[in-house]
1. Ratio of alpha-carbon Rg to the 2.2 N^0.38 Å globular estimate for segment 316-362, to two decimals, please.
2. When the dipole is taken about the Cα centre of segment 240-357, and only Lys, Arg (+1) and Asp, Glu (-1) are charged at their Cβ, what size is it in debye, to the nearest 20?
3. Which angle between 0 and 90 degrees, to the nearest 10, do you get for helix 352-363 versus the longest principal axis of the chain when only C-alpha atoms count?
4. Order these peptides, 240-251, 339-350, by their mean beta-carbon neighbour count within 10 angstrom, highest first.
5. Under a GNM of the chain (C-alpha, springs under 10 Å), which listed residue has the highest mean-square fluctuation: Ala166, Ala383, Ala207?
6. Angle between the Cα long axis of helix 202-213 and the longest principal axis of the chain, 0 to 90 degrees, nearest 10?
7. Name the residue farthest towards the positive end of the dipole of segment 86-156 from the options Val96, Val131, Gly119, assuming +1 on Cβ of Lys and Arg, -1 on Cβ of Asp and Glu, about the Cα centre.
8. How large, in percent, is the carbon and sulfur part of the accessible surface of the chain at a probe radius of 1.4 Å?
Amino acid sequence: MTYTRQAPAELVAPGGMARRVLVASTIGSAIEWYDFYLYSTASALVLGPLFFPQQSPTAATLAAFATYAAGFVARPIGGAVFGHFGDRVGRKSMLVLTLLVMGAATFLVGTLPTFEQAGLWAPALLVTLRVVQGIGIGGEWGGGVLMTTEHAPPGRRGVFSSFPAAGFPLGLAGSTAMISLVAVLPEEDLLSWGWRLPFLASAVLVAVGVFVRLGVAESPEFLRERRNGEPARVPITEVLRERPGPVLRGALAALGLAMIVSTFSVYLLAHASHTTGARSQILTGLVAGALVEAVMLPVFGTLSDRLGRRRVLLFGYAVCALVVLPAPYWLTSGRTGLVVVTFVTAMGIGHAAVYGGFAAYLVELFPTRHRYSALAVTYQLGATVASFGPLVAGALAGSAHTARPGVWLLLGTLVVAASAVAAPCRSVTP
């Protein structure tokens, strides 16, 4: 059975609304990724001693990595819940709700007592809020890319979906820049109150994001689907029953995509920071890589429209595989230029190539009827497994100051992801 994206004229988004959706999706996505990766960056630098101080430095870092992974474990739950209602009720309302959930959790992290102030309650509350963050971002990704791809003109799904994807590097750059600003404080001030500021600032950003998202129209493809028939009663069950192959293929492709981020923005960042102590240098390189990625995502999205999704994704996997080999040496070289080159190449080129065409690649595997659920769960399954990368690599390394476990873990994951993408698969939409 072949699904098409032809819609009645009255259900096709006008150009002005399509552009508004691009802006709203990008801004909202950037804010949500700011919230999510603010914790990730902080976990690699300051949260260990604040919430797990009774352990050795290595154990504290592993504990922080574990709470980082906890947010990802919750993402499939958020994907299933928001995906269910996104397929039955609509995309727009779910996007506003996910933004509120993320913003509230992030703000509350900034108000938490530390272990010194509250004992075991401190890490317990931290993990709880991290799980809430994961639920929110689990529903955000699928809805954000669907609002843009389902408003996109024929043949431009790749470039349209790359704009909300750009919210990831913008959010990563913003959160990293905020941590960089407070990291210049004296150690005592940073650990007492400075680390809270980036989390509390989220409240202002979320207010802006909600205002912008309330002004967009519902997806025209979703409206067409609703007009033609009743929504699926349990969309995720229908996805797993009718499209198990694409679900597996998409999850493996997402595993490679997310492992790139876990390795470069968390594991190698922590390794280099603990080895050299040059926090500002490492953070500068990460911000540079994220900003370059934000610029390059529409470029690779356009290329995926013209050259095909698979070619662009495979190119990105290959770039990241090549750069991770010298990355541990470059990041600990003490040379700012090499640090910047590492992150710009890995994130600004490799990850941008994969991410630029990834959303459109997934969209074209599933029909509109259960597409929100399919995208949310497929992507989040891969991302959840990848979130354990830093924890597994750190445990394998133990007290040894080596990044080899992380390097080999990423290389193996990229081979699996590339194989899944390269395998033949029929798209359900043109």
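1. Rg over 2.2 N^0.38 Å, computed on Cα atoms: 1.26.
2. Value, rounded to 20: 280 debye.
3. Tilt of helix 352-363: around 40 degrees.
4. On the way: 240-251: 17.2, 339-350: 24.6.
Ranked by mean Cβ neighbours within 10 Å, highest first: 339-350, 240-251.
5. Largest GNM mean-square fluctuation: Ala207.
6. 10 degrees
7. Val96
8. Roughly 69 percent, rounded to a whole number.
The values are calculated or read from the model by the stated rules, or taken from the named source; none is laboratory data. Note that the structure is a prediction, hence the values are computed from the model and not measured. Quick reminder, even Gly has a Cβ in these numbers, built from the backbone with ideal geometry, and neighbours come from all protein chains shown. Heads up: the accessible areas ignore ligands, DNA and RNA and are worked out on the full protein's heavy atoms, side chains in. Shrake-Rupley method; radii C 1.70, N 1.55, O 1.52, S 1.80 Å.
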